[in-house]
Protein chains: 2
Amino acid sequence: MASLGQHFLFELYDCNPDILDDIEAIKDIMLAAAGKSGATILNNFLHKFSPQGVSGVVIIAESHIAIHTWPENSYAGVDFFTCGSRVNPLVAYEYIKAKLESRYSNYTKLARGKTQEIERAAEWSSA
Amino acid sequence: MASLGQHFLFELYDCNPDILDDIEAIKDIMLAAAGKSGATILNNFLHKFSPQGVSGVVIIAESHIAIHTWPENSYAGVDFFTCGSRVNPLVAYEYIKAKLESRYSNYTKLARGKTQEIERAAEWSSA
């Protein structure tokens, strides 16, 4: 379906909990994943929670990549929102999955800003 | 479905394009939306694109809120990823929708880090 953006949601289960709780490792993995996927990095922000867990966002020229980790559940949720066709979020998916040592994962791809809906809204608006 | 996090995706069509292109307005709206929803703000980052469009991320203790705007299409895509039950993303939905003057919108709610999948992965792992 034609859309302005694509939003990939990665569900990474059964990861290595030590890596999930290591803010420096998560930062390195996210920045490398952004680069490998072809994204242009604008900024990044990481936060370590007490007693555990890390949140991280990499702002890219093509939108964003975010991660939230739950070491106590060996789980990480990653989002990759992108626009255009130059970036390949699935390269990031494979890379992050390997680096977090996830043994069970899946992803969902969603269309954001559907062309059909934009056109419909414009028609209503001008009617 | 029981899960660690809830991820809301807001699709905001037919917005006021002048507001979508105003980085200061977007920043104010996102921070106010985070506060009104009950979230604890940790940090924020906004970026203005040339010739148009704004990206913004608010990192909250409960995960993140992100926005990407396409003034040329009168569209904004917003994500609200949260955990726990203290934060109400739908308060942010109504607030952002009103402030961007969206005349057509919808949202999707997704479970992230499903309890059932975490348990299944743990069983496999220990088998």
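Numbers below:
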| read-out | value |
| --- | --- |
| Only one of B:E117, B:E101 that is farther than 18 Å from B:I29 by Cα and either within 7 Å of another protein chain (Cβ to nearest Cβ) or in contact with a helix residue (DSSP H, G or I) (Cβ under 8 Å, 6 or more places away or on another chain) (or both) | B:E117 |
| Failed criterion for B:Q6 (all others in (1) over 28 Å from A:V54 (Cβ atoms); (2) surrounded by fewer than 23 Cβ atoms within 10 Å (Cβ to Cβ) hold) | (1) |
| Count - residues of segment A:57-100 that are part of a strand (DSSP E or B) and of a type in the set (A, V, I, L, M) | 9 |
| Residue count, segment A:15-24 (criterion: in contact (Cβ under 8 Å) with a residue 24 or more places away in the chain and not in a loop (DSSP other than H, G, I, E, B)) | 5 |
| Candidate set: segment B:74-127, residues that are closer than 29 Å to A:S102 by Cα and of a type in the set (D, E, K, R); chosen: the one modelled with the lowest pLDDT | B:E123 |
| Any chance B:I26 is open to solvent by less than 50 Å² (accessible area, probe 1.4 Å), of a type in the set (V, I, T) and more than 10 Å from chain A (Cβ to nearest Cβ) | yes |
| Residue match in segment B:101-122 (condition: without any contact (Cβ under 8 Å) to a residue 40 or more places away in the chain and either assigned to a loop (DSSP other than H, G, I, E, B) or open to solvent by less than 10 Å² (accessible area, probe 1.4 Å) (or both)) | yes |
| Output for segment B:69-91, where each listed residue is open to solvent by less than 20 Å² (accessible area, probe 1.4 Å) and either more than 20 Å from A:H7 (Cα to Cα) or facing another protein chain (nearest Cβ under 8 Å) (or both) | B:Y75, B:G77, B:D79, B:F81, B:V87 |
| Top-ranked residue of segment A:40-81 - restricted to ones that are under 13 Å from A:M30 (Cα atoms) and touching a residue at least 60 places away in the same chain (Cβ under 8 Å), ranked as farthest from the chain's Cα centre (by Cα) | A:A76 |
| Sole exception among (1) of a type outside the set (S, T, N, Q); (2) part of a helix (DSSP H, G or I); (3) out of contact with any helix residue (DSSP H, G or I) (no Cβ under 6 Å at 6 or more places or on another chain) for B:A33, by number | (3) |
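Conditions (1) open to solvent by 10 Å² or more (accessible area, probe 1.4 Å); (2) within 9 Å of chain B (Cβ to nearest Cβ), marked per residue:
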| residue | (1), (2) |
| --- | --- |
| A:M1 | yes, no |
| A:F10 | no, no |
| A:D14 | yes, yes |
| A:I19 | yes, no |
| A:D22 | yes, no |
| A:M30 | no, no |
| A:A33 | no, no |
| A:G53 | no, no |
| A:I67 | no, no |
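The values are calculated or read from the model by the stated rules, or taken from the named source; none is laboratory data. Note that this is a predicted model, so its numbers are computed, not measured. Backbone-built Cβ (ideal geometry, glycine too); neighbour counts: all protein chains shown. Surface accessibility is based on the protein's heavy atoms, side chains included, excluding ligands, DNA and RNA. Shrake-Rupley method; radii C 1.70, N 1.55, O 1.52, S 1.80 Å.
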